[in-house]
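In what follows, a structure is listed as structure tokens, so that the remarks can point back to it.
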Amino acid sequence: MTGNNSALDGEVQLTGVASKTTDRVRRASGGTRAAGDSRSEAARDKDRVLYSWHWRRLGGVTQVVSPFDDVRLLHNRLTHSEKVAQVSRSIAVELLNDPGNRALMAGLGGFDVDVCEAAAMAHDIGHPPFGHIGETLLDELAREKLDLVDGFEGNAQTFRIVAIGRMRSLNYEGLDLTAATLAAVAKYPWARRRTLDKKNHKTALKSDPDYRREWRKFSAYDSEKPLLDWARSFTGALSVNTQTLEASVMDVADDITYAVHDLEDFYFAKRLDVAAVRDDLRRCAKGQTDPVFARLADRLRMDYASWFDSALFIEALVEVESVLAGYLSDRARSAVDLREALARSGVSDLIGRFISSVVISATPLWVNGPHIGLSRPQWHQVQVLKEITKRYVIDGAELALLQRGQEHVLGGLVDMLHSWTQNDPSRLPPRLAAEIKLATTQGGAKYEQEYYAHLAQREPGDDFMDPAPRGEPNRAIVDYICSLSDAKCMALYQKLSGQRVHRAGIEFGF
């Protein structure tokens with residue numbers, strides 16, 4: 001059933017298709033709309049993300065690399081998330097406008113445009129300072145320095161942030177989002193695969209696609225995995241590790257935005273050697289030796305064995321080279337207006353083509369894959385575009401100095417905070433001290449079991465005031481760092497390391 005204020009079995013949908021269960025719109029708190037609130041439950045979720053300070057923080061967090069002082073503004077996590085939300089909504093509306101999709105959507109757990117948009121807005125709020133370099137290092141530090149078995153992952157941190165803490169109300173934890181939106185935030189709906197011993201771990205990452213997928217990316221730490229299972233209770237038609245439909249829309253939108261807008265950023269910043277990229281694309285398309293795209297093909301062939309196609313990959317190389325030649329041409333660099341107009345029209349056209357190519361399927365598009373995704377030719381093109389940003393910008397020598405400095409800051413901050421918790425815990429910053437005390441008081445597994453047993457059995461209107469499980473106390477250090485912007489992270493490091501003389505105490509601003 002579709003349209004404004006249409007209902008099925010009690011579930012109200014503003015713009016979407018209702019499933020045959022009201023479990024989609026329930027909240028862990030049991031809370032319902034206030035009298036006179038005409039918004040759908042999903043629209044309320046969207047507003048809760050929008051008004052959260054975690055959303056505002058993204059304006060000070062790096063997307064790919066920190067902005068340079070001498071070039072135009074680059075995307076940050078906030079502007080990236082805004083665009084992911086817009087693309088998500090466009091995809092969702094386009095899919096919903098096809099009447100032939102609606103019965104399938106209902107049978108696969110339901111579909112709501114506002115859920116797609118809310119999940120897209122929230123999808124990056126758990127990411128740490130300093131962009132992708134921060135994610136990799138923080139995972140290593142969490143496992144090896146803080147002894148957190150499941151380490152760090154930005155998607156799992158996002159789920160944790162929307163799930164825990166009295167950030168919005170004394171009456172519930174986190175943002176208290178609906179089950180549908182919680183499930184949609186979970187791009188990788190599993191906990192981390194347990195790490196093998198060092199030798200077998202390295203081998204498995206290279207040769208075992210299941211281990212690689214479930215170890216590298218995941219959307220819930222062990223402490224929040226029961227909540228993810230609770231949220232996904234309406235997804236009976238989906239296999240256990242399959243994204244909900246709305247999660248798939250958000251995932252595709254994220255890929256499109258990262259592939260196109262980040263590339264556009266570095267073209268305008270003159271940090272992308274378009275001629276060199278085009279040479280490598282042509283060389284690989286002709287079957288000549290190429291270290292970048294040949295390696296990408298090998299990885300995709302392993303990770304997406306049933307979806308990757310060598311012929312389509314070659315076509316994608318040719319198509320992307322053509323796009324770069326047509327829209328991001330070095331020929332236009334001398335004429336600023338011409339360059340910008342050409343590039344922006346190309347970006348708009350490319351995004352529109354990708355949005356129109358998104359499909360929905362009754363069966364997963366590939367083994368362990370989603371029911372919604374890009375059609376195969378466009379999927380290959382997006383993989384190639386994403387690899388250009390990663391290999392020619394993020395991994396480029398030009399950013400090494402910046403990245404090594406950021407790694408030093410983040411590593412030093414983890415060391416100093418951990419030492420502080422061990423040696424002078426009574427004078428920690430208040431938020432960090434309170435979370436460590438709470439986790440220590442809860443005591444771990446027994447508290448988690450009782451909490452989630454209560455959640456599963458609670459009745460509507462039942463007051464549920466107990467704090468959500470916090471997991472290991474050292475997890476609070478990761479939470480604290482992921483509450484900081486890039487600038488706050490740098491300022492805290494400078495204060496703790498004694499590099500900056502200050503009059504205000506460490507509490508001020510932290």
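The figures follow:
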| item | result |
| --- | --- |
| Average accessible area per residue (Å²) across the chain - probe 1.4 Å, nucleic acids and ligands excluded | 43 |
| For a label point 7 Å along the Cα-to-beta-carbon line of Ala487, residues of segment 76-95 with backbone N under 16 Å | 76-79 |
| When each of Lys145/Lys206; Lys199/Lys225; Lys83/Lys286; Lys83/Lys390 is checked by Cα-Cα distance, pairs over 30 Å | Lys83/Lys286 |
| Mean residue ellipticity (222 nm) of the chain, computed from DSSP H runs ≥ 4 via -39,500 (n - 2.57), nearest 500 | -17000 deg cm²/dmol |
| Read-out Rg and Dmax of the Cα atoms in Å, derived from the coordinates shown; its label in [x] 23.1, 67; [y] 31.0, 100; [z] 39.4, 150 | [x] |
| Relative contact order %, segment 241-372, counting alpha carbon pairs below 8 Å whose residues are six or more apart | 35 |
| 20 Å tail of the calculated P(r), segment 158-288, as % of Cα pairs | 63 |
| Normalised contact order of the chain, rounded percent, pairs of Cα under 8 Å and 6 or more residues apart | 18 |
| Convex hull volume per residue in cubic angstrom - Cα atoms of segment 91-208 | 166 |
| Percent of beta bridges antiparallel (DSSP, the chain, rounded to nearest 5) | 90 |
| Ile360 long-range amide H proximity, modeled H, under 5 Å | none |
| Residue-count net charge about Pro128 - beta-carbon cut-off 14 Å; Lys, Arg +1, Asp, Glu -1 | -3 |
| Rounded percent of accessible protein surface that carbon and sulfur make up, segment 141-288, 1.4 Å probe | 47 |
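The values are calculated or read from the model by the stated rules, or taken from the named source; none is laboratory data. Here the structure is a predicted model, which is why all the values come from computation and not from measurement. We place every Cβ from the backbone using ideal geometry, glycine too, and count neighbours over all the protein chains shown. With ligands, DNA and RNA removed, areas are computed over all heavy atoms of the protein, side chains included. Shrake-Rupley method; radii C 1.70, N 1.55, O 1.52, S 1.80 Å.
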